[in-house]
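The values are calculated or read from the model by the stated rules, or taken from the named source; none is laboratory data. Please read these numbers as outputs of a predicted model, since none were measured by experiment. Note that each Cβ is placed from the backbone with ideal geometry, even for glycine, and that neighbours are counted across all protein chains shown.
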Amino acid sequence: MPYGLLAPEIAVTSLGLVVLGVGLLSRPRPHPAVRVLAVSGLALVLCWVALTFTRQASFFGGVYQVDSFASFFRLLFLSAALLVLLMSGRYAARFGPRLAEWYAFLLFATAGMMVMAGSGDLIALYVGLELMTVSFYVLSGYLLADARSAEAGLKYLVLGALSSAVMLFGMSLVFATARSTVFTAIAAAVAAPAPSPPALLAGIALLAAGFAFKVAAVPFHMWAPDIYQGAPTPVTAYLAVASKAAAFAALLRVFLAALPGQLPDWQPVVALLAAVTIVAGNLIALAQTDVKRLLAYSSIAQAGYLLVGLSAANPYGLRGVLFYAMLYVFANVGAFAVLTLVEVDTGGTGLDSFNGLGQRAPMLAMVMTVCLLSLAGIPPLAGFAGKFYLFAGAVQAGYLWLAFVGLLMSMVSVYYYLSVAKAMYIGPAERTAPVTVPSPARLCLWVCLAATLAIGIYPGPLSALAQVSALLP
Amino acid sequence: MTLTLHDATFALLALLTLGAALGVVLARNIVHSAFLLVLTFLGVAGLFLTLDAGFLGLVQVLVYGGAISVLVVFAVMLLMSEQAGQTNPPGASRFTRWAGGVGAVALALALGAAVCTTAWEPGSGPRPEAVAELARLMLGDYVVPFEAAAVLLLLAVVGAIILAKGEDGR
Amino acid sequence: MIGISHYLLVATALFAIGAFGVVAKRNAIAILMSIELMLNAVNINFVAIDRYLAPGGALGQLFAVFVIAVAAAEVSVGLALVISIYRQRRSVNLDDFNLLKW
């Protein structure tokens with residue numbers, strides 16, 4: 001077997017261990033080289049994955065898969081990690097002597113996500129998932145002096161462990177009916193045309209509920225906004241973008257690779273979940289006055305749009321999920337990068353912190369506006385193309401009402417996204433000093449801006465990439 | 001004759017486990033909860049033994065009955081300074097208590113019905129020696145999750161130390 | 001005669017008891033204990049399925065070993081978070097944590 005294809009996972013894990021070691025050796029303050037090491041290492045792995053994208057292999061009797069689906073998500077996680085590392089420099093100074101470990105946890109979480117996307121087996125999926133979430137429990141509670149951060153960490157742990165338990169019980173019932181944990185074997189065992197046994201249906205229901213917790217779909221979203229608001233802002237960015245994408249990768253693997261025969265059983269449930277999530281996420285976001293919390297509800301709504309693609313379960317919709325997940329990385333990290341810089345500058349994340357940003361830092365205000373409009377799905381930005389694929393898939397699958405709900409709520413979302421723009425451009429400016437933007441953060445902003453514009457104007461290449469990578473039932 | 005012995009053992013262990021588990025969630029003193037939790041863990045270990053899973057039973061006693069329980073009891077002792085009788089109160093709102101109770105019963109009935117109405121066909125095949133088979137799987141086909149679990153344990157240790165030590169800890 | 005469904009029913013009951021504890025308790029440590037009950041229920045399932053339905057291998061026991069390892073990691077991080085929050089709030093009751101509102 002070409003074990004070289006496992007190099008990205010091994011490299012990211014080793015990088016995390018090295019960073020941990022360097023942090024131990026350079027006491028009391030971690031050496032600045034730690035960040036350079038993490039960033040350059042991730043960039044190298046990203047290049048490696050891009051260069052070996054076409055090489056595929058199935059490992060260990062199907063337990064681990066390196067296919068284009070896994071590689072697509074590896075690209076996504078690595079880009080997100082890289083952008084978050086670039087933009088978090090000034091903010092991360094708050095972690096003081098614990099900085100090196102912070103980078104290490106981010107890297108371990110990334111490794112966990114890669115294992116999730118590559119898993120071809122319930123056990124591998126579960127352990128990858130836990131590697132990611134346990135890292136995030138620690139990362140969410142990392143601001144030790146801030147009570148809200150510890151609260152976010154504890155709430156995330158309770159919610160995460162509960163959803164894992166629910167998901168595991170579902171997995172055990174699926175294992176009981178299929179007598180295997182490998183996805184291909186499960187699909188073969190439960191593909192019989194007879195109606196699915198009740199235990200399998202119960203297992204699927206519990207799995208769906210567990211995943212709904214993980215992607216923060218309504219009504220399983222309780223505490224998700226608390227976690228997003230309390231966690232350190234770069235962690236929130238990574239949580240909203242990469243952890244959500246990883247949960248979707250695992251969800252797609254389980255439902256499309258292991259349970260395609262039960263499509264009629266789960267499709268309507270997912271469609272309903274998508275609709276409720278889109279409506280509730282957008283409506284509650286309308287009432288928010290804190291930008292961090294607003295982005296939290298917005299990311300709940302975005303998970304709803306992604307669920308639309310899964311409920312369509314056709315090539316158009318599933319390509320849309322991958323396409324949208326990728327563009328969502330750039331739009332959302334861009335918005336969170338601006339938020340992080342504003343928070344470092346003003347000390348707050350409320351809407352009033354953004355007052356007058358248009359004059360103080362025109363570049364930040366422009367990136368924020370473009371990213372938010374992309375999230376709202378305004379043409380010609382990337383979000384428009386992504387929503388087009390998702391809703392077209394839903395229409396093709398006969399879920400016209402779902403596409404309608406999505407369109408309507410996208411229009412509603414323009415209102416709250418523009419409320420941020422309003423504060424930036426016509427809000428009363430109390431401060432006038434320009435915001436300092438360090439050059440790594442500037443690079444991150446430019447990348448997010450360029451990608452959001454480029455994917456929107458010329459969606460062809462990413463769309464083609466998503467098409468070859470999409471997993472089909 | 002051995003069959004009935006197995007049945008009786010199962011019934012006793014099931015009663016012990018479920019009774020102790022109920023005690024964990026109903027007790028108003030967190031110390032009682034903690035000790036009943038240990039009893040539940042031991043009951044589950046006993047159930048593993050009735051399933052011919054001796055190795056797993058031992059792991060259960062060592063990790064759950066030993067390590068996790070000690071950790072929990074330690075945290076309880078460290079954090080409880082109030083009157084012991086009120087350390088583990090039920091949720092403040094009557095609504096969540098009732099909703100939780102009704103929801104849990106409904107969940108148990110729904111899952112129980114699903115289990116009972118499914119026709120389970122006993123599997124067949126030679127039973128391999130469990131420990132050898134586990135070792136073969138862990139270091140063979142399941143080496144990726146095995147390594148991931150190793151990293152997970154490391155990061156949990158580092159993370160727990162960082163979080164518990166606090167801001168000014170040196 | 002005792003068979004697979006009896007074990008699955010015991011596990012279901014244990015799972016529901018744990019779920020009740022998570023919803024109805026407010027002491028964070030008690031909630032962590034309840035989650036452990038749920039994970040133990042899952043492990044009973046895996047081992048029983050392994051014994052009765054898939055006796056040709058040890059996949060169920062393998063899954064249970066991983067669940068135990070992960071649970072240990074989760075508990076240690078969870079209790080560390082409880083200690084971290086207790087240091088600032090002098091309370092471990094989740095109801096008292098309302099800095100963050102809906």
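Taking segment A:387-473 as the region of interest, the helices (runs of 4 or more DSSP H) fully inside it that hold 3 or more residues being among the hydroxyl-bearing types (S, T, Y) are A:400-426.
Output yes when any residue across segment A:30-37 is touching a residue at least 24 places away in the same chain (Cβ under 8 Å), in a helix (DSSP H, G or I) and over 30 Å from A:L339 (Cβ atoms), and no when none is. No - not one qualifying residue is present in segment A:30-37. Yes or no: segment A:340-359 includes at least one residue that is under 18 Å from the mean Cα position of the chain (by Cα), assigned to a helix (DSSP H, G or I) and under 16 Å from A:D290 (Cβ atoms). Looking for residues that are under 18 Å from the mean Cα position of the chain (by Cα), assigned to a helix (DSSP H, G or I) and under 16 Å from A:D290 (Cβ atoms), one finds at least one in segment A:340-359, hence yes. Given the criteria at pLDDT 85 or above, closer than 30 Å to C:V22 by Cβ and either of a type in the set (A, V, I, L, M, F, W, C) or out of contact with any Leu (no Cβ under 7 Å at 6 or more places or on another chain) (or both), does B:P89 qualify? When the stated conditions are applied, B:P89 does not pass them.
Within segment A:6-29, the only residue that satisfies the criterion of being of a type in the set (G, A, S) and outside any helix (DSSP H, G or I) is A:S26. Yes or no: segment C:38-47 includes at least one residue that is among the aliphatic types (A, V, I, L, M), crowded, with 24+ Cβ neighbours inside 10 Å, at the interface with chain B (Cβ under 7 Å from one of its Cβ atoms) and under 13 Å from the mean Cα position of the chain (by Cα). Yes, because at least one residue in segment C:38-47 is among the aliphatic types (A, V, I, L, M), crowded, with 24+ Cβ neighbours inside 10 Å, at the interface with chain B (Cβ under 7 Å from one of its Cβ atoms) and under 13 Å from the mean Cα position of the chain (by Cα). Residues that are touching a Gly at 6+ places or on another chain (Cβ under 6 Å), modelled with pLDDT of 90 or more and more than 10 Å from chain C (Cβ to nearest Cβ) within segment B:1-37 comprise just one, B:L16. Taken over segment B:138-170, the criterion of being under 30 Å from C:L59 (Cα atoms) and either in contact with a Lys or Arg (Cβ under 9 Å, 6 or more places away or on another chain) or more than 9 Å from chain A (Cβ to nearest Cβ) (or both) is satisfied by B:M138, B:L139, B:A150, B:L153, B:V157. Inspect all residues belonging to segment A:15-25 and state whether any of them is in contact (Cβ under 8 Å) with a residue 60 or more places away in the chain, under 18 Å from the mean Cα position of the chain (by Cα) and crowded, with 24+ Cβ neighbours inside 10 Å. No, there is no match, as no residue in segment A:15-25 is in contact (Cβ under 8 Å) with a residue 60 or more places away in the chain, under 18 Å from the mean Cα position of the chain (by Cα) and crowded, with 24+ Cβ neighbours inside 10 Å. Taking the stated definitions as given, is B:V157 modelled with pLDDT of 90 or more, surrounded by 21 or more Cβ atoms within 10 Å (Cβ to Cβ) and part of a helix (DSSP H, G or I)? For B:V157, the condition - modelled with pLDDT of 90 or more, surrounded by 21 or more Cβ atoms within 10 Å (Cβ to Cβ) and part of a helix (DSSP H, G or I) - is not met. Since B:G43 meets every condition but one in (1) touching a residue at least 24 places away in the same chain (Cβ under 8 Å); (2) over 18 Å from C:V10 (Cα atoms), which condition does it not meet? If we test B:G43 against (1) touching a residue at least 24 places away in the same chain (Cβ under 8 Å); (2) over 18 Å from C:V10 (Cα atoms), just (2) comes out false.
Tallying residues that are over 20 Å from A:A202 (Cβ atoms) and among the polar types (S, T, N, Q) within segment A:244-286 yields 2.
A:L122 meets all of the listed conditions (1) touching a Ser or Thr at 6+ places or on another chain (Cβ under 8 Å); (2) crowded, with 24+ Cβ neighbours inside 10 Å; (3) within 8 Å of chain B (Cβ to nearest Cβ) but one, namely (3). The sole residue among A:A212, A:A208, A:A188 that is away from chain B (no Cβ under 12 Å) and without any contact (Cβ under 8 Å) to a residue 40 or more places away in the chain is A:A188. Residue count for segment A:156-198 satisfying the condition of being of a type in the set (G, A, S) and under 22 Å from C:F20 (Cβ atoms): 7. Could you tell me whether C:A24 is touching a strand residue (DSSP E or B) at 6+ places or on another chain (Cβ under 6 Å), surrounded by fewer than 24 Cβ atoms within 10 Å (Cβ to Cβ) and within 29 Å of B:F74 (Cα to Cα)? For C:A24, the condition - touching a strand residue (DSSP E or B) at 6+ places or on another chain (Cβ under 6 Å), surrounded by fewer than 24 Cβ atoms within 10 Å (Cβ to Cβ) and within 29 Å of B:F74 (Cα to Cα) - is met. Taking (1) under 26 Å from A:F323 (Cα atoms); (2) surrounded by fewer than 17 Cβ atoms within 10 Å (Cβ to Cβ); (3) of a type in the set (A, V, I, L, M) in turn, A:V45 satisfies each apart from (2). Residues in segment A:89-119 that are buried (at least 24 other Cβ atoms within 10 Å of the Cβ) and not hydrophobic (A, V, I, L, M, F, W, C): A:E101, A:Y103, A:T110, A:G112, A:G118, A:S119. Of the helices (runs of 4 or more DSSP H) that lie entirely inside segment A:208-288, those containing 1 or more residues that are among the polar types (S, T, N, Q) and within 24 Å of A:F73 (Cα to Cα) span A:233-238, A:263-286. Is there a residue in segment A:165-180 that is within 10 Å of chain B (Cβ to nearest Cβ), within 30 Å of B:I161 (Cβ to Cβ), under 26 Å from the mean Cα position of the chain (by Cα) and modelled with pLDDT of 90 or more? Checking segment A:165-180: at least one residue is within 10 Å of chain B (Cβ to nearest Cβ), within 30 Å of B:I161 (Cβ to Cβ), under 26 Å from the mean Cα position of the chain (by Cα) and modelled with pLDDT of 90 or more. Looking across A:L251, A:L263, one residue alone is out of contact with any strand residue (DSSP E or B) (no Cβ under 7 Å at 6 or more places or on another chain) and modelled with pLDDT of 90 or more. It is A:L251.
Could you list, in sequence order, all residues of segment B:100-126 that are loosely packed, with under 14 Cβ neighbours inside 10 Å and part of a loop (DSSP other than H, G, I, E, B)? Listed by number, the residues that qualify are B:A119, B:E121, B:P122, B:S124, B:G125, B:P126. Can you say whether C:F66 is facing another protein chain (nearest Cβ under 7 Å), modelled with pLDDT of 90 or more and more than 12 Å from the chain's Cα centre (by Cα), as far as the supplied structure shows? Against the criterion (facing another protein chain (nearest Cβ under 7 Å), modelled with pLDDT of 90 or more and more than 12 Å from the chain's Cα centre (by Cα)), C:F66 qualifies. Residue count for segment C:9-29 satisfying the condition of being modelled with pLDDT of 90 or more, within 16 Å of the chain's Cα centre (by Cα) and among the aliphatic types (A, V, I, L, M): 7.
For segment A:99-138, residues that are charged (D, E, K, R) and either under 16 Å from B:L154 (Cα atoms) or at pLDDT 95 or above (or both) total 2.
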